[in-house]
Ligand code: PEP
């Protein structure tokens, strides 16, 4: 049984003071939730303050990116050990915004995943097709390429996949539950051919305009094991309602 995981990607939002306020408001809203794993990914500058205020809670921390070297002359970069040092359990790797604006490729993503895992971080590995690729009927081909390139020589332990169709990120256009399931099922088959039975443990999150109103129907799909949430994670009330999706379902 895969335990659902709901992660907040704050992107380039929140000062340290806003982070503290958010967490103070958020923790009581998710108190006692233990059937869903909850993860916050603040910007690097807020990680230490977030770690301090999340201590002893049911909420884990993630970095939004990482570099593959341990240390050295890499101005502006952050190492896996630095993320561990501020108590991150996870790191998001290969987000489409990193691929689009910062030149990340399947190869650099693969190096990052390997380094993060070697340091003991769990990885939320993002994949997804653009609108142009979907309309050209290339969705599965793109996912297959991203998976085989990104996961070359990577073990399945500590691996989480986030399927984020680029056309659904920050656009208000959510994939239908059926579109999400179709892609997730394909991803699970690819994972099965890489990892065999161990692939059954890998959670596949959906990301792209997830909101309190659509999370339950997405989560009702067989291969949707959680969500990676951008815009709707920026308010404690809205993110807590996403985390508590089972209650909005009536279950
Ligand atoms: C994201 O960036 O990971 C994301 C899914 O954003 P949004 O929820 O705003 O579409």
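The values are calculated or read from the model by the stated rules, or taken from the named source; none is laboratory data. Predicted model only: the values in this text are computed from it and were never measured. Note that each Cβ is placed from the backbone with ideal geometry, even for glycine, and that neighbours are counted across all protein chains shown.
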Looking at (1) surrounded by fewer than 23 Cβ atoms within 10 Å (Cβ to Cβ); (2) within 16 Å of the ligand (Cβ to nearest atom); (3) farther than 22 Å from residue 182 by Cα, which is the only condition residue 118 fails?
(2)
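Residue-by-condition table, conditions (1) assigned to a helix (DSSP H, G or I); (2) buried (at least 19 other Cβ atoms within 10 Å of the Cβ):
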site	(1), (2)
8	no, yes
20	yes, no
23	yes, yes
26	yes, yes
38	no, yes
Pairs where the first residue, in the range 165-179, is within 13 Å of residue 214 (Cα to Cα) and the second is more than 9 Å from the ligand (Cβ to nearest atom) and at pLDDT 95 or above, C-beta under 7 Å, 6+ apart:
174/214; 175/165; 177/217; 177/218; 177/220; 177/221
Need a quick list: helices (runs of 4 or more DSSP H) entirely within the range 155-248 having at least 2 residues that are crowded, with 18+ Cβ neighbours inside 10 Å.
177-195, 215-219, 236-243
Just to be sure I understand, how many residues within the range 68-90 are without any contact (Cβ under 8 Å) to a residue 40 or more places away in the chain and either part of a helix (DSSP H, G or I) or within 16 Å of the ligand (Cβ to nearest atom) (or both)?
5
